[in-house]
Amino acid sequence: MYRRIIVLLWVLFVFGVAGIYFVFHSAATGKFGEMPTFEQLENPESNLATHIYSSDSLLLGKFYLADNRSPVDYSELPKSLIDALVATEDARFFEHSGIDFRGFARAVVFLGKRGGASTISQQLARQLFVGVRSRNLKEALQQKIKEWVIAVRLERNYTKEEIIQMYLNNYDFNYLADGIENAARIYFNKTPQELEVKESAMLVGMLKNSSLYNPVRRPELVTSRRNTVLDQMVKYGYLEEKLSDSLQQTPLDIRFTPENSHNEGLATYFRMHLQSWLKNWVRENPKSTGETYDIYRDGLRVYTTIDSRLQQNAEDAMESHLSNLQAAFFRQQKQDSNPTAPFIDLELEQVEEIVDRAMRNSDRWRSLRAQGKSDTLIKASFYVPTEMTVFDWKAPSKERDTVMTPYDSILYYKSHLRGALMSIEPQTGHIKAWVGGADYKHFQYDNVVQGARQVGSTFKPFVYAAAIDQLRMSPCDRLPDVPYCVSAGKHGNIEAWCPKNSGGKYSGESITLKHALANSINTVTAQLIDRVGPASVVSVAERLGIESRIPAVPAIALGTPDIKVFDLVSAYSTFANQGVHTTPTFVTRIEDESGNVIYDAIPETRDVFNKEIAYTMISLLKGVTEAGSGVRLRHNWMIDNPVYQEVVTGYPYEFKNPIAGKTGTTQNQSDGWFMGMVPNLATGVWVGAEDRAVHFDNITYGQGATMALPVWANYMRESYNDSIGVSSEDFIRPDQISINLLCNEANQVIREEKSEDLEEFDF
């Protein structure tokens, strides 16, 4: 009898071992589903977000898909976090080889009531290779066996420290907090190294189920779970009981700072342009293996030229001024006084054409068309009142819920003024600030680089530069301010070109070039382009960095070409850089996941003018802010003027430092510009609407000095900070100047009267 029992036990043992071997072998060979290869185990796939940094080391944002992951090295993990993890999730982690048989036996005997059997290695296997546990019992058992096999393999390929590192870097803590670094920042605004014991305990507590143990939604439940983790740390000797008791009496103290989406945060327009640039760059610069970098998965680190402080100042300045300007526009453009509002001087049929085009380009139209709806039904849907969320400057979040027809929403968005600002450091070509619009979530068209608009008088300096360079003219040379025509047949003109001054006024006097540019006298500019020829001016503009096509006709002198903000700022920065054009740059370096430099920017420069010519242009442009259309940067005598109080945001500015600049206003006030330069920062600002038929009906509000200049002024005033380093000094004067710059003009400063506007109609 005894012998038979022994034999039976041996049989059971042998068959048991054989059965276990068969099960594990089946799992290992893929009988229960695909298993990771050796290469995959060596390099487990993990989506690593691309990090974008400002020049002053601020994280501007990330590019990621489903995962927003930022890996942390084991050495950067605090001891309290590791202790809490081991004590709570796998007390014998450093003793087993992937499977804790004691824990497994306990789980079977007590049906999981005294803890589960999943080790940290098994949990990592589930994260990386197995996936969410199936509700089907058979499939769940197969998944569990796969976890065991993979866990053992992971233990063979990695150290215990590496397994912990991978586990914490891969866990999803909710709110785009993928991995411990993001979790520490999002829930406590800290780095992992800075986590305190109770904070480590809370995050470890979330590992059980981050959706259930959500500290934002269920703080009481999470507090209880945190305290359980602290108890576990006491149980296994990682924490003194007295300290644990003390910590358990404290609140969670979370500092919830959720990760910005692609539509939120600082420099949204710039980040989206950078994303497009990176996509092109990775296609042209593959890995050494021939594979293409994935900007959403490969954990690249992109170091940009953007200064976060200047960027914030630029965005604040744009917001404060556009909100004021928009309020004034709404007050002026009402349908009871303008039936085609917000459009001016259009027939109703023209308005309908614009709106119909907007309908057909809308997401609503494309969506309904994809559903097989007819054009008639789709168009009818635009006249049905619909609940929607729209942009609103007055709302704290810049959004409000409302009910309106999609047709009315088109008119509503058409009525909003847009803006753009870009700053360049002339000496390096580094772009320091980039504002493409009012709000990226609602206005995704980037007016810095996507939109080219008529530039008005901001083009005139290129005409003056050609005249000074080629004809050796001086700012003190004089030309008559009288009606002037370029005759028919000259410079490719079919008809005679006879531009007018603003308001049709002519002084009849002989005035200096400096005075003429400062006050945008059209007749003088016409005479200059007639002397040098339009082709010469186009050549100058192109050498300065203007990439837009410019026709070689006399009318370009007054700013008829459409030019991007990006190109115009690039061109102006050449004057501030002593005649050397430096190609604008916004990325200085790119590193791969391991910190290897895979891109290092090399500045591209070319000589356009000599130092004397460049300084002469600076002298001319300084005159604009000293005695011309930009003089409101300096005076304070209009402080009681209602227009200034309403829309010249932040006035008076009372700048004392040297500033070179130029205003610009296009026909019907559709576009307002201001270009402003100090020695180490060139900045351009544009303001206008999407459609050129949407504009102020008078030049008082619609001129560049009112629409755009206040943005520059408020931006610069906040940027004169010692830590930022924006210069308040004068521009560098060449050692030798042969051109006469001392004109000795009397009464240069023109005082603005309440009824007088200095800015001109440009054409």
Query raised in the report: Using +1 on the beta carbon of Lys and Arg, -1 on that of Asp and Glu, and nothing else charged, what's the dipole of the chain about the Cα centre, debye to 20?
Result: 2660 debye
Query - Over 30 Å between alpha carbons, listed pairs Lys432/Lys500; Lys334/Lys441; Lys514/Lys656; Lys160/Lys190 - result: Lys432/Lys500
Query - Amide H contacts under 5 Å for Lys398, placed H, 5+ residues apart - result: none
Report task. For the range 294-311, just list the computed ³J(HN,Hα) in residue order, Karplus coefficients 6.51, -1.76 and 1.60, θ = phi - 60°, integers in Hz, with x standing in for Gly and Pro. Result -> 9, 6, 9, 10, 9, x, 5, 10, 10, 9, 9, 8, 4, 8, 4, 6, 5, 4
Report summary line: For the chain, the charge dipole (Cβ of Lys, Arg +1; Cβ of Asp, Glu -1; about the Cα centre) points to a positive end, and the Cα of Leu176, His491, Tyr269 closest to that extreme belongs to Leu176
Report task. At q = 0.10, 0.12, 0.15, 0.16 Å⁻¹, work out log10 I(q)/I(0) for the range 548-676 with the Debye formula, treating every Cα as an identical point scatterer and leaving solvent out; two decimals please. Result -> -0.50, -0.67, -0.93, -1.00
Requested in this report: Report the percentage of all Cα-Cα pairs in the range 468-590 whose separation exceeds 22 Å, rounded to a whole percent.
Outcome: 43 percent
Query - Rounded to the nearest 20 debye, dipole of the range 439-517 from Cβ charges on Lys, Arg, Asp, Glu - result: 60 debye
Requested in this report: Would you compute, for the Cα atoms of the range 283-322, the largest minus smallest coordinate along each principal axis and list the three values in descending order, in whole Å?
Outcome: 50, 18, 17
Report task. Return an integer: the convex hull volume of the alpha-carbon atoms of the range 233-320, in Å³ per residue. Result -> 212 Å³
**Report entry** Relative contact order (%) - the range 334-414, alpha-carbon pairs under 8 angstrom, separation at least six
**Finding:** 23 percent
Report summary line: Asp245 and Arg218 label points (each 7 Å along its Cα→Cβ direction) are spaced in nm at 2.9 nm
Requested in this report: Assign unit charges at the C-beta atoms only (+1 for Lys and Arg, -1 for Asp and Glu), then state the dipole size of the range 275-316 relative to its Cα centre in Debye, rounded to the nearest 20.
Outcome: 160 debye
Query raised in the report: What number in nm² do you get for the range 334-414 if you take the convex hull of its Cα atoms and divide its surface by four?
Result: 6.2 nm²
Report task. Show the residues, 5+ positions off or on another chain, whose built amide H is closer than 5 Å to the amide H of Asp298. Result -> Leu48
**Report entry** From phi via Karplus (6.51, -1.76, 1.60), per-residue ³J(HN,Hα) for the range 729-739 in Hz, x at Gly/Pro
**Finding:** 8, 7, 5, 5, 8, x, 5, 10, 10, 9, 8
Query raised in the report: If you count, for each residue, the other Cβ atoms within 10 Å and average over each peptide, how do 522-528, 219-225, 635-641 line up from highest to lowest?
Result: 522-528, 219-225, 635-641
Query - Distance histogram for the chain (every C-alpha pair counted, 10 angstrom bins, percent rounded to whole numbers) - result: 2, 12, 18, 18, 16, 12, 9, 6, 4, 2, 1, 0, 0, 0
Query raised in the report: When the convex hull of the C-alpha atoms of the range 409-514 is computed, what volume per residue in Å³ does it have?
Result: 202 Å³
Report task. Using the charge dipole of the range 303-401 (Lys, Arg: +1 at Cβ; Asp, Glu: -1 at Cβ; taken about the Cα centre), state which of Gln371, Ala327, Val390 has its Cα farthest towards the positive end. Result -> Gln371
Query raised in the report: Given Met202, Ile354, Gln645, which one lies farthest toward the positive end of the charge dipole of the chain, if we put +1 on the Cβ of every Lys and Arg and -1 on the Cβ of every Asp and Glu?
Result: Met202
Report task. Can you give me the P(r) profile for the range 419-719? Cα pairs, bins 10 angstrom wide beginning at 0, each as a whole percent. Result -> 6, 28, 36, 21, 6, 2, 0, 0
Query raised in the report: Can you list the lysines whose alpha carbon is less than 17 Å from that of Lys242, not counting same-chain residues fewer than 8 positions off?
Result: Lys198
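Computed from the coordinates by the stated procedures, all read-outs in this text should not be read as laboratory data. Treat the numbers as computed from the prediction; the structure is a model and nothing was measured. Neighbour counts are summed over all protein chains in view; Cβ atoms, including those assigned to glycine, are modelled from backbone coordinates with ideal geometry.
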